[in-house]
Amino acid sequence: MTHTPRRIVFATNNPHKLDEIRSIVGDSFEILSLKEIGCDEDIPETGSTLDENSHIKARYVKTRYGYDCFADDTGLEVEALDGDPGVRSARYAPGIGHDSQANMELLLRNMAGKDDRRARFRTVITLITDAGEQQVEGIVEGHIARTPSGEGGFGYDPVFVPVGEERSFALMSAAEKNAISHRGRAVAALLPLLNNL
């Protein structure tokens, strides 16, 4: 008798995030994207914190589509910029949409001349099921490099160097990054919750 993995929605249409989560979770769950459940709308992220935004996205899917769901929100928090870009990380640069290159260039401009390069990536995941709501987070400390390096990853990966490393996230393999990343750590905290469903 074959085991049918339980289906759960990850509230994203970002293919990079989806690949990361699927590779971390493995085949114990069938992870569905928003597109795969027919959710084409852009879920409004109106919260003022990562916690609020991840909750808004998960609640939106559970309420409108009925699926058990988890959603993440991730921010890059830079010490010298008073925690910015933080909750606005994906939309840091002015303009429409998520322009990772423009975001990264603006960050480096804002960091020009600053010696304190400390930063951290923080991911908050909200899980909403029929049994209730739970939240976990993952944090990785590091610093902002003065110039981008590497072609891998996405977002700010070319300029973020985690503590204990000389390479940016963008220079690491997916497996290396997942082993230490903020999202990897948040999903590691999520897994026991999923396994108890």
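Points to keep in mind about this one:
- Nearest-ten-degree value, helix 100-110 long axis tilted from longest Cα axis of the chain: 40 degrees
- Sequence-separation-based contact order of segment 46-98, relative, with Cα cut under 8 Å and 6+ spacing, percent: 26 percent
- The chain: angle of helix 15-25 to the longest principal axis, Cα-based, in degrees nearest 10: 60 degrees
- Amide H contacts under 5 Å for residue 30, placed H, 5+ residues apart: 6, 7, 8
- Folded to 0 to 90 degrees: helix 50-65 orientation relative to the chain principal axis, Cα: 30 degrees
- Look at 98, 143 and count the other Cβ atoms within 10 Å of each Cβ; fewest to most, that gives 98, 143.
- Rounded to whole Å, the principal axis extents of the Cα atoms in segment 6-195 read 50, 32, 24, largest first.
Each value in this text was obtained by applying a stated rule to the coordinates, not by laboratory testing. Being a predicted model, the structure only gives us computed values, none of them experimental. Glycine also receives a Cβ, built like all others from the backbone with ideal geometry; neighbour counts cover every protein chain displayed.
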